[in-house]
Amino acid sequence: MSKDMMPHFELFQPDSEETALDLLSRFGDEGWPVAGGHDSLSWFKDRAKYAANVVDLTGIASMRGIREVDGGIEIGALTTLTEIENNDIVQSRYGLLAQAAGHVASPQIRNVGTLGGNLNQDARCWYYRYGVDCYRAGGNTCYADTPEGQNREHCLWGADRCVAVSPSDVAPAMVALDATMIVRSASGTREVAAEDYFIGPDIDIERMTVLEPGELLTAVRIPGDWANAQFYFEKVADRNTWDFPLVNIASAMVVENGTISRIRIAAGAVQCTPRRLTVVEEVVTGSAPDEETAALAGQAAVRGATPLNFNHFKIPLLENLVKRAIRDA
Amino acid sequence: MKDSTNGDLSRREFIGGTGAAIVAVNATTATAQDRDAAEARAIAEVPRTRIEITVNGQRQSVDVEDRWTLVELLRDHLGLTGTRIGCNRGECGACTVLIDDEPAYACSTLAVWADGRSIRTVEGVERDGKVSTLQQAFIEHNAPQCGFCTSGQLMSATALLERNPSPTAQEIREALSGNLCRCSNYNAIVEAVQAAVKMGGA
C-alpha cells in the first residue's frame, strides 16, 4: 500500500452545472469542487486541507470547449490548458493566451489541468502549503514575512498579513485581454471582470478570488476588442517546466501610425492578484513603442514596490519584462 | 460536571468511548492477524465505484475507492508495478502513463477518472513479447541510470513519437520536460529517443 494515500471522501459526479451547483450549495463549506485535481489532491494527500464531499466537475460537458460568441470567444472552465494552447482560434486571434497556457507547469499537467483550475488555484506559499497555522490558514502568524522567512517568491505589493502571490500564468493574460468571468451559483449567474475577479488578503485573507462557497467559475469570455493585437508574454521561473513564475508579464497593445493607441498590461507573481499596470498603460499610450518609451514604462511599473528580505531581484526583473513587452511585442 | 455528562452521553461520545476500549483490548490481547482482519473488514465496508477501463489493451471492470489515484489502482490493485511513484504530487513525472494516448501523471489522476478510458503503462509498450524500439534504444544508449524515472520517460517519449514521428532534439526535450531524472541523464535520454526515430519509431 502506497504511503500518503488520501483520506476518505465522498465523491459526487454530477453531469450538469445545475446538479453540481445544487450539491455545492447544499454542502457549503464542506464541499470541494475538483476538476484536473493537481491543486486539490495535493492538499488532500498532505492532510493540510480536507473536504468530506468532493464534487467532481469533469463529467459536465457544457463546461468544456471553446466557442465563438459576440465577436469574441467563450472558453469553458473545464477546457484543458493543452486544448487552449493548440486551439486554432486562440492561436490565430489570441496568441497571448495560447502562450500563457503553454507556459503552465509541465506537458502532463497541461493535458489534464483546466482553465478554471489554473485561475482558481490556491496560493503556493510553501509555508501555507505545508499546513502551518498562518494567517491565510486561519492562524495569526506569517512565516514568510519574518527576518529569516524564505520569501524570494513572495510579493512586492499588497502585503496585508499574508505576502503570497498570484501563481497563475493564465490570469495576467486574462486581465490583459479584458476577459469576463462567468460565475454561477444555485441562485443565478453573475459576470465579473477578470481584473476584479482576484482578491487580495485585505479583502479576504482565506480566498484568492471572489468565488463564494457554492459558486463555480463556469466559463471565461474574451471580447473581440483585443483580438490580433500585438501581444507579449514572458514568464521567468527557476526552471522552464513546473515552476511557478517569479514574475510573468502579459500585454495586448494596438499600434496605429507608429504610436501605441491602446494597451492593457498585467504582471503575475508580484502581488496576491494579477497586477494590472495602469500607470504603464497611461505612460505609453500615444508614444511610439521604442526604447525610450519602454524605459519610462519599466520605471513606472516598479514605482512603489516594497520588497521583502529576499525578493529585491523582482524589481529589476519586472522593470525589464515591462520594457520588453513595450519594445519587443 | 462529570456526572451530568455521564448521564447524558451523546452517540459520538459513546462510540468514542467504546472505540478506545476496543483499542485498549487490541493492544494487549489481539494478534497481528486479528488486527489485519479488522482492518480488511473496515476497508471492505468503504463504498466502491465500478469502473470499466482498458489497461494495455485489456478491458476490465474494477471496483475502486473514490480516493484511489490511478497509480494506486495500477500498482496496488492491478499488480502493474512498472509505473513508479516518485513525489506523488505531480512534480516528478515518474508515474507518467498514457490516458487515451496523452501523457498524464497517474499520481494526480483519480482512479474513477479512468472510467471508459484507455490506459497504457510501461508494461504495454512491448511488441509480441519483445521490447519496443524505444526501449531497445534506451538500452543501447544507457538512457536509464538508476532507472526510477525510465518508465515515465518511455511513456512520454512513446506519446511523442506516435504524434510526431520525426521530432527535433528541441521537441524531444520539450515533450520530456515533465519527467525529472535525478541522475540527470537527460542527454542520453534525448539521444536514445533520436536513435529510436532513426530505428523506425516508437
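The values are calculated or read from the model by the stated rules, or taken from the named source; none is laboratory data. In this text the structure is predicted, and so the values were computed from the model without any measurement. No Cβ is skipped: glycine too gets one built from the backbone with ideal geometry, and neighbour counts run over all protein chains shown. These area figures cover heavy atoms from the full protein model, side chains too; ligands, DNA and RNA do not enter into them. Shrake-Rupley method; radii C 1.70, N 1.55, O 1.52, S 1.80 Å.
Quick look at the values:
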quantity: Criterion violated by B:L78 - all others in (1) surrounded by fewer than 24 Cβ atoms within 10 Å (Cβ to Cβ); (2) within 19 Å of B:S177 (Cα to Cα); (3) away from chain A (no Cβ under 11 Å); (4) in contact with a strand residue (DSSP E or B) (Cβ under 8 Å, 6 or more places away or on another chain) satisfied; calculated: (2)
quantity: Unique match (being within 27 Å of A:T82 (Cα to Cα) and free of Cβ contacts under 8 Å to residues at least 60 places away in the same chain) among A:V170, A:V192; calculated: A:V192
quantity: Residue match in segment A:48-55 (condition: crowded, with 19+ Cβ neighbours inside 10 Å and modelled with pLDDT of 95 or more); calculated: yes
quantity: Residue list for segment B:49-75, filter: charged (D, E, K, R) and farther than 12 Å from B:A111 by Cα; calculated: B:R59
quantity: Filter result for the condition that a residue is in contact with a Gly (Cβ under 6 Å, 6 or more places away or on another chain), at pLDDT 95 or above and open to solvent by 10 Å² or more (accessible area, probe 1.4 Å), over B:L180, B:L176; calculated: B:L180
quantity: From the options A:L78, A:L41, A:L97, residue that is modelled with pLDDT of 95 or more, within 12 Å of another protein chain (Cβ to nearest Cβ) and in contact with a Leu (Cβ under 8 Å, 6 or more places away or on another chain); calculated: A:L41
quantity: Of residues in segment A:207-249 being free of Cβ contacts under 8 Å to residues at least 60 places away in the same chain and within 14 Å of another protein chain (Cβ to nearest Cβ), the one surrounded by the fewest Cβ atoms within 10 Å (Cβ to Cβ); calculated: A:R239
quantity: Residue in segment B:69-89 that is part of a strand (DSSP E or B) and either outside the structural domain of B:G147 (by TED's automatic domain parsing) or in contact (Cβ under 8 Å) with a residue 12 or more places away in the chain (or both) present; calculated: yes
quantity: Helices (runs of 4 or more DSSP H) wholly inside segment A:183-302 that include at least 2 residues being within 19 Å of A:V165 (Cα to Cα); calculated: A:194-197, A:291-302
quantity: Residues being open to solvent by 10 Å² or more (accessible area, probe 1.4 Å) and at the interface with another protein chain (Cβ under 9 Å from one of its Cβ atoms) - total across segment A:22-35; calculated: 0
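To keep it simple, each residue is scored yes or no on (1) basic (K, R); (2) assigned to a helix (DSSP H, G or I); (3) farther than 25 Å from A:A269 by Cβ; (4) within 14 Å of chain B (Cβ to nearest Cβ).
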| residue | (1), (2), (3), (4) |
| --- | --- |
| A:V55 | no, no, yes, yes |
| A:R67 | yes, no, yes, no |
| A:V90 | no, yes, no, no |
| A:R110 | yes, yes, no, yes |
